[in-house]
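The values are calculated or read from the model by the stated rules, or taken from the named source; none is laboratory data. Given the structure is predicted, the values throughout are model-derived calculations rather than measurements. Ideal geometry is used to build each Cβ from the backbone, glycine not excepted, and the neighbour counts take in all protein chains shown. When the accessible area is computed, the model is the full protein with side chains, heavy atoms only, and any ligands, DNA or RNA have been set aside. Shrake-Rupley method; radii C 1.70, N 1.55, O 1.52, S 1.80 Å.
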Amino acid sequence: MKTKIIGIAIALAVAFGAVANAADMKGLRSSAANEPDAAPPIHKVIEGVKLERAYRQQPPLVPHNTDKYEIDVKVNQCLRCHEWPYSDQEKAPKISDLHYIDGNGMRRDNVNGNRYFCKQCHVPQNDAKPLVENHFQPASAR
Ligand code: HEC
Ligand code: HEC
């Protein structure tokens, strides 16, 4: 019985020791391990500006926010503005005919599956600084 009590006492001491240590511990993040990090800043999407292409084949960047546009198997809200005839009504650029070419090189009437998930290729930009320095130069500047 006595040894059992001592055993529990040691176990509790070890457990409390571990909690105390966790409080002082610093991880790779600068804050202590048991404190939440500050939320990262939310950057605004650049809208209404023509974003230049860096090379000839580049899918054009999206000059508007896309957060609220659903794209899944049943719905593609991008097409509600960029597919003809909506493109004329919404005054949005019509997606080019290359988006309609199937795996056999045939031009179809519906957007081909390999171009259905628009955000694979077309992304908006925000006003954030690059996370790491880079020396990328657009092909036009070479
Ligand atoms: C409410 C209508 C609307 C919806 C929905 C919409 N767009 Fe647009 N989009 C526009 C308009 C209008 C423009 C022309 C530029 C402008 O006015 O911002 C444009 C421009 C673009 C461009 C630039 C084309 C170029 O030649 O420079 C791309 C790329 C684009 N949109 C992609 C998308 C994608 C991807 C989605 C879905 C996530 C989407 N758009 C949803 C209206 C829309
Ligand atoms: C596999 C990559 C890819 C996907 C997916 C894709 N696009 Fe594109 N898109 C491109 C490329 C590359 C161009 C420029 C060359 C061209 O016209 O095909 C382009 C051009 C465009 C343009 C400009 C057309 C013009 O004549 O100025 C619009 C608008 C556009 N895409 C909208 C969309 C929408 C909406 C979707 C989703 C339904 C989509 N794209 C899916 C690669 C893609």
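Answer yes if at least one residue in segment 113-127 is hydroxyl-bearing (Ser, Thr, Tyr) and more than 26 Å from the chain's Cα centre (by Cα), and no otherwise.
No: zero hits.
Report yes if some residue within segment 86-101 is near ligand 1 (Cβ under 6 Å from one of its atoms), of a type in the set (D, E, K, R), assigned to a loop (DSSP other than H, G, I, E, B) and open to solvent by 80 Å² or more (accessible area, probe 1.4 Å); otherwise report no.
Yes, some residue in segment 86-101 is near ligand 1 (Cβ under 6 Å from one of its atoms), of a type in the set (D, E, K, R), assigned to a loop (DSSP other than H, G, I, E, B) and open to solvent by 80 Å² or more (accessible area, probe 1.4 Å).
Residue 54 - would you say it is in contact with a Cys (Cβ under 6 Å, 6 or more places away or on another chain) and open to solvent by less than 50 Å² (accessible area, probe 1.4 Å)? Walk me through it before giving the result.
Numbers: in contact with a Cys (Cβ under 6 Å, 6 or more places away or on another chain): no; open to solvent by less than 50 Å² (accessible area, probe 1.4 Å): yes.
Taking the combined requirement at face value, the residue does not satisfy it.
When only residues in segment 65-84 that are closer than 20 Å to residue 97 by Cα and more than 9 Å from ligand 2 (Cβ to nearest atom) count, which is least open to solvent (accessible area, probe 1.4 Å)?
Only one residue fits best here, namely 77.
So residue 47 passes all but one of these: (1) open to solvent by 100 Å² or more (accessible area, probe 1.4 Å); (2) over 30 Å from residue 136 (Cα atoms); (3) away from ligand 2 (no atom under 12 Å from the Cβ). Which condition number does it fail?
Checking residue 47 against (1) open to solvent by 100 Å² or more (accessible area, probe 1.4 Å); (2) over 30 Å from residue 136 (Cα atoms); (3) away from ligand 2 (no atom under 12 Å from the Cβ), the one that fails is (2).
Could you list, in sequence order, the residues of segment 115-142 that are open to solvent by less than 70 Å² (accessible area, probe 1.4 Å) and free of Cβ contacts under 8 Å to residues at least 12 places away in the same chain?
Scanning segment 115-142 gives a single hit, 141.
Condition check: closer than 30 Å to residue 136 by Cα, modelled with pLDDT of 95 or more, within 12 Å of ligand 2 (Cβ to nearest atom) and of a type in the set (Lys, Arg). Does residue 53 satisfy that?
The answer is no for residue 53.
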